[in-house]
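One structure is given here, and the rest of the page talks about it.
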Amino acid sequence: MASCKDNEQDPRVHGIAAAIRVVPDFPKKGIMFRDITTLLLNPKAFRNAVDLFVERYLGKDITVVAVGWQTEKCSTFHHSALCLRKIIHGTLLDWIATMNHNYDLALFVGLVVFTLHPGRGIEARGLIFGPPIALAIGAKFIPLRKPKKLPGEVISEKYDLEYGSDCLEMHVGAVQPGDRALVVDDLIATGGTLCAAMNLLERAGANVVEFACVIELPELKGRDKLKGKPLHILVESR
């Protein structure tokens, strides 16, 4: 993994890049899989990744942080939260949560950090980064979920996959006209999911200010689908 040109002078980015494992031939032969779970196993690198995003967007009038979210059951939230409290201790997120007497809210991010049992963890890796960024910059966090996962009235956006289609949904009223939105994910590949998120938010009246990802796979040209919107990445795949 290589650091992005925008951040290549920051030593924290080199540590983040080094912490991301590349697994050949997964999930099938010929694919070089970028595994961010090794980043999450490194508290310093994970902390630096969150802090770098927060430093970029703090004070930029971002009112919405959105990310696609697909979860299964998880009955061990309390254990995850305690583990996360150790990880974020001493970070910018920790300071903001403490100053606002809102540490319990910060702890819910623990749900997204650990896959505790097969089939019972968190599937959407963008969710790992979205909530702590939103909390730290004072923005609301909006999950964009798969169909039939959100109760109440929703707005939907379909998008194409290589072999079929998928759909993201968001609660009606979650976004207000004029909201300034940041769309967060762990990785941009083909750009299909990020494009669908942008379309969904803009239909609700938001202005998508930027996309933020840890990793980009530039050979797949996903940024071409983003209609010229800025894309900020921490590390580039090579």
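Summary table below
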item: Only listed residue being touching a residue at least 40 places away in the same chain (Cβ under 8 Å), closer than 22 Å to VAL50 by Cβ and assigned to a strand (DSSP E or B), chosen from ALA197, ALA181; result: ALA181
item: Filter pass, LEU93 being out of contact with any Gly (no Cβ under 6 Å at 6 or more places or on another chain), assigned to a helix (DSSP H, G or I) and modelled with pLDDT of 95 or more; result: no
item: Some residue of segment 159-170 being among the aliphatic types (A, V, I, L, M) and part of a loop (DSSP other than H, G, I, E, B); result: no
item: Unique residue being at pLDDT below 95 and among the hydrophobic types (A, V, I, L, M, F, W, C) when the list is LEU200, LEU144; result: LEU144
item: Residue match in segment 74-89 (condition: at pLDDT 95 or above and among the polar types (S, T, N, Q)); result: no
item: Test result for LEU150, aliphatic (A, V, I, L, M) and outside any loop (DSSP other than H, G, I, E, B); result: no
item: Residue that is closer than 13 Å to LEU135 by Cα, part of a helix (DSSP H, G or I) and either modelled with pLDDT of 70 or more or in contact with a strand residue (DSSP E or B) (Cβ under 9 Å, 6 or more places away or on another chain) (or both), where the choices are VAL13, VAL50; result: VAL50
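The values are calculated or read from the model by the stated rules, or taken from the named source; none is laboratory data. All values derive from a computational prediction rather than experimental measurement. FYI the Cβ positions are ideal-geometry reconstructions off the backbone, even for glycines, and counts take in every protein chain you see.
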